[in-house]
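The next block holds one structure in the form of structure tokens; read it before the comments.
The values are calculated or read from the model by the stated rules, or taken from the named source; none is laboratory data. Please read all numbers here as calculations on a predicted model, not as lab measurements. Cβ: placed from backbone, ideal geometry, glycine included. Neighbour counts: every protein chain shown.
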């Protein structure tokens, strides 16, 4: 949030910020395809099965072979990405050509940031190993290094670039690349302490041996459908970015700023739960413990309901204060705040689905079933773009977040029904009462937030930033107290839920 606040106040929402956001999305797209996306979904179940059945020595050899194949693939991908940066930017956001300078800046930054994919894909491999050995702290903490580097780039680098006569936005590209290097370095140190650091080889003969490893072949086999599934989700993002680039200047940035507020609960709840559940579910399946597998899913879904629903309520009924307090400084205008608010409300509609997917999808991947989520994702992609066709002329850029939100809800419901139908997930007793408790507490929360939203002119407090921040903090603390106290009065045993 500090990172986004600094970027917003320093650069606002303009053709230059659109150029950076497009350039940053390109390596992030490939990173999620080949890094923590398809690769992790295939790698962790195979790694957990190897650890359970073949012992740690064979598992270490598997890690070495997989790292060798991945390193070769990333080298080739990085070279192709740097050479083809112009085509990638055009494919992602051809509308940037309305401002030739912005388009040129996006191409240059894409070339500089593309190697970030290689660093982050190796970070994803290291995170998979550490999480399988139940070392969650380092993989969870290393993304902070990227944020610190980008904060330094916006705060100190951009003014320095300006004094040198360079485009200030280029400083952010340097911050991204440095952040990738530091994340990999920290994880490598953690792996070395466990004697699990990958021993990659650049010899052609070693690549052939690594390629022939049965575990590597199994991962590659599972990656095919997983790659398609992750690709479908990001094809939707690519199409939406392309559409946004043809709307009013700043549209890509408005959506990006709203994304950050959506990603806060998604990462805190969904991603964190998914990271913890994936190796646990894979381990339960490897040991044929169906009861533990189902109980872990039940626990994850209950946490999604109790924590994601109030966050969705806040995004829907309290968006303006959130956006104003976090972004309304420097180059960020009142108009920008209102446009980001509209996009944020679209995310509020689908937040529960976005978080639940992080719990439900691992339920399939732990079974080494990567095909079912793909089939569902393809249908959801079609639904999302149909919604875009009808909603964009009415709601402009806000329609793009709304359509993805609705698609996420459909996706999550479909995956849940699939797990129930095949008997993999058998809900424990008490869901009816549990749901009513959450909904009642959220109703009280919504009433309070609507009052807080209307009783203060949050945008007019721009000149009193500390007062606005303290008011927001007070509302958030009071909101949490109202919500959790309501749950307690309704009879929910929160401590028992957390300790499970």
**Study point:** Residue in the range 386-401 that is under 29 Å from residue 46 (Cα atoms), in contact (Cβ under 8 Å) with a residue 12 or more places away in the chain and touching a helix residue (DSSP H, G or I) at 6+ places or on another chain (Cβ under 6 Å) present
**Key:** no
Revision key, fill the gap. Considering the range 472-497, residues that are farther than 17 Å from residue 447 by Cα and touching a helix residue (DSSP H, G or I) at 6+ places or on another chain (Cβ under 8 Å), and then whichever is modelled with the lowest pLDDT, we arrive at 497
Practice item. For the range 185-206, enumerate the residues that are buried (at least 19 other Cβ atoms within 10 Å of the Cβ) and under 22 Å from the mean Cα position of the chain (by Cα). Key: 187
Point to revise | Inter-residue pairs, beta-carbon under 8 Å, first touching a residue at least 60 places away in the same chain (Cβ under 8 Å) and in the range 146-173, second not in a helix (DSSP H, G or I), 6+ apart | key: 158/168; 158/169
Review point. Restricting to the range 447-494, what's the tally of residues that are in a helix (DSSP H, G or I) and over 24 Å from residue 303 (Cα atoms)?
Key: 19
Point to revise | Test for residue 460: is it under 24 Å from residue 340 (Cβ atoms) and modelled with pLDDT of 95 or more | key: no
Review point. Failed condition for residue 267, given (1) without any contact (Cβ under 8 Å) to a residue 24 or more places away in the chain; (2) touching a helix residue (DSSP H, G or I) at 6+ places or on another chain (Cβ under 8 Å), with all others met?
Key: (2)
Exercise for review: Mind listing whichever residues of the range 98-111 are at pLDDT below 90 and surrounded by fewer than 19 Cβ atoms within 10 Å (Cβ to Cβ)?
Suggested key: 98, 99, 100, 101
Check your understanding: Based on what the data block shows, is residue 18 under 30 Å from residue 289 (Cα atoms) and part of a helix (DSSP H, G or I)?
Key -> no
Review point. Under 7 Å by Cβ, and 6 or more places apart or on different chains, what pairs join a residue from the range 368-381 that is on the phi > 0 side of the Ramachandran plot and outside any helix (DSSP H, G or I) with one that is crowded, with 18+ Cβ neighbours inside 10 Å and at pLDDT below 90?
Key: 368/45; 368/222
Check your understanding: Which of the following residues is surrounded by fewer than 20 Cβ atoms within 10 Å (Cβ to Cβ), at negative phi and part of a helix (DSSP H, G or I): 86, 95?
Key -> 86
**Study point:** In the range 350-367, residue surrounded by the most Cβ atoms within 10 Å (Cβ to Cβ) [restricted to those that are over 17 Å from the mean Cα position of the chain (by Cα) and in a helix (DSSP H, G or I)]
**Key:** 363
Practice item. Would you point out which residue out of 402, 444, 416, 449 is farther than 30 Å from residue 485 by Cα and surrounded by 12 or more Cβ atoms within 10 Å (Cβ to Cβ)? Key: 402
Review point. What single numbered condition from (1) closer than 24 Å to residue 332 by Cβ; (2) touching a helix residue (DSSP H, G or I) at 6+ places or on another chain (Cβ under 8 Å); (3) part of a helix (DSSP H, G or I) fails to hold for residue 418?
Key: (1)
